[in-house]
Each structure stands twice: as structure tokens, then as C-alpha cells.
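Remarks on the structure that follows.
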Amino acid sequence: MLITVLGGCGAWPAAGQACSGYLIEHDGFRVLVDPGYATLPRLLETTPAERVDAVLVSHGHPDHCSDLNPLLRARALGDAPPAALPVHAPPGALDAVLALDRRGMLAGSFELHDMEPGTPREIGPFRLDAFSLPHHVPNAGLRLSAGGRVIAYTGDTGPSADLVTLAAGADLLVAEATYPEQVPGEDAPYLSSAADAGRTAAAAGVARLLLTHLWPGTLPEPALAAAARSYQGDLAVATAGRTIEV
């Protein structure tokens, strides 16, 4: 498997950056995970819109799904529209972004599938296992397996025992780390820190940890240092253009 980071900013895209977005490839099949703000231009630098084979969305906040709209426009309004794009998301998560255009404009450009935790599904060569994780809105942690390799992704999440199950033995854990050390009180049930991500990665025995969704303006060094206190494995911050072969 190959994962390419399209963006890793939380909340909004900082100058020259993009929000959450990851392209995962295996055996020529391309899955776009969380097309957040400003991710489509990054994607189109290497991959035509019609070459995306499926989209997975962890939750309905726009920094994780807003660029689904221009992706579907690029497919629907092109000279040779491709087949409908399978889009998998928690029920209702994409109602707002799919309502941005007039009724019928994107008809036939996508097939929407409700993502149900506890029900594995096959998406091309991948097996997808979804986990319900705590956030301000319904959020699905994603575990993608193919070719004997596993990538786990938390979306945005607060503390949960299911995080270790999601990430258990993964070759790569892509973990939300909005704050370096501690999540402010009112958000503590719904978001994670880099220190939290490090503890999860260590407990789950993951081979590599990629911190993402850092608050705009956050330097990577404090986040890396906070995670490294618990996790001793390969550790990095998600930056646009980073590729990892799993």
C-alpha cells in the first residue's frame, strides 16, 4: 500500500496547506480518505479526478469533506464523465456538502453508502473496518487492510478504548493530534493530543505513527516530542506531499 498526504491541517487550511486528505493506493485502486478543504488541487497534481475509485469520509465536518463537492463537479462536468463514484460515510454526514449544488447537477456522479461500524466491507482490494469514535458529530475510525498490510485512521476523536482495537498491530496509524500536550476542557471528550496519539500507538503496537490535524500554526516539534514520550517507533507529522509505502 502507498499513502500520499494531501493535507494535514485541522480546522482550516493554513497558507499553502490543506486540511485532512489522504490518497491510499493498492494494486492500482485509489481510495481518497477525507477530502477536506483545499485537498482537491493537491490531488489533481498527480491523479485525475476520474481515476479516484472510492471515497471514505470519517465525519461531516467541512475540514474533512468539503472538497468532495469540487471532486464530484470535476467528474460530472468533464467531457467524458466516469461511472458513479462510491462514497462511504456515516449516515447523514454528507447531507450539507451534497446540498451545495442545485438538485440534479451531480446526479449519477456518486453512489452514497452508509458506513456502519462493526460491519466489514470490501472496497476494491481493501477490507474496511469502521469504528464509532467520540467526536462532536458521528465519527468513524477507519481500518484499511490489503496485501497483508494495515493502515488505521482515527478521524477526529476523543478518548476511547476502541482506539487500541482500531490500531492493533497496524503498519501505520494516522492519528489526530490537534494539540501537542492537552486538549482544552470543553473539547477533551471529542479531540486528541499528540501525547494521546503516542500512548495509543504504543498500546496498539503499531509500526509507524503519523500525527495529523495539528491546529494551524502549531509547530511540529512540540507534537513530535509529546508523542515520543510514549511511542518509540517511527514517528512523523502529516505534511502535504509526504508519501509512505506500507
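Just so you know, all these numbers are worked out from the coordinates, no wet-lab data involved. Quantities reported herein were computed from a predicted structural model and do not represent experimental measurements. Because the Cβ atoms are built from the backbone with ideal geometry, glycine has one as well, and the counts that use them run over all protein chains shown.
Values as computed for the structure displayed
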| quantity | calculated |
| --- | --- |
| Sorted by Cβ neighbour density within 10 Å, fewest at the top, the residues Phe29, Phe126 | Phe29, Phe126 |
| Cα centroid separation, the range 105-134 to the range 1-41 (Å) | 17 |
| For the range 106-246, share of DSSP beta bridges that run antiparallel, in % to the nearest 5 | 55 |
| Distance between modelled label sites at Ala15 and Ala80, nm, 7 Å Cα→Cβ extension | 4.2 |
| Among (i) 1.35; (ii) 0.94; (iii) 1.20, the entry that matches Cα Rg over 2.2 N^0.38 Å as calculated here | (ii) |
| Under-5 Å amide H pairs with Asn139, H placed in peptide plane, nonlocal only | Leu133 |
| Theoretical ellipticity at 222 nm over the chain - DSSP helices of four or more residues, -39500 (n - 2.57) apiece, nearest 500 | -5000 deg cm²/dmol |
| J(HN,Hα) series, the range 43-49, from Karplus relation 6.51 cos²θ - 1.76 cosθ + 1.60, nearest Hz, glycine and proline x | 4, 5, 5, 10, 9, x, 4 |
| Summed side-chain charge close to Ala201 - residues other than Ala201 whose Cβ falls under 13 Å, Lys, Arg +1, Asp, Glu -1 | -1 |
| Karplus (6.51, -1.76, 1.60) ³J(HN,Hα), θ = phi - 60°, over the range 92-105, in Hz, Gly and Pro reported as x | x, 5, 9, 4, 5, 5, 6, 8, 5, 9, 4, 4, x, 4 |
| Cα centroid of the range 219-245 to Cα centroid of the range 50-103, whole Å | 29 |
| Magnitude of the charge dipole, the range 2-245, Cβ model with Lys/Arg +1 and Asp/Glu -1, debye to 20 | 240 |
| Histogram of C-alpha separations across the range 1-106, 10 Å bin width, % | 16, 51, 31, 3 |
| Interchain or long-range residues, amide H under 5 Å from Leu235's placed H | Leu209 |
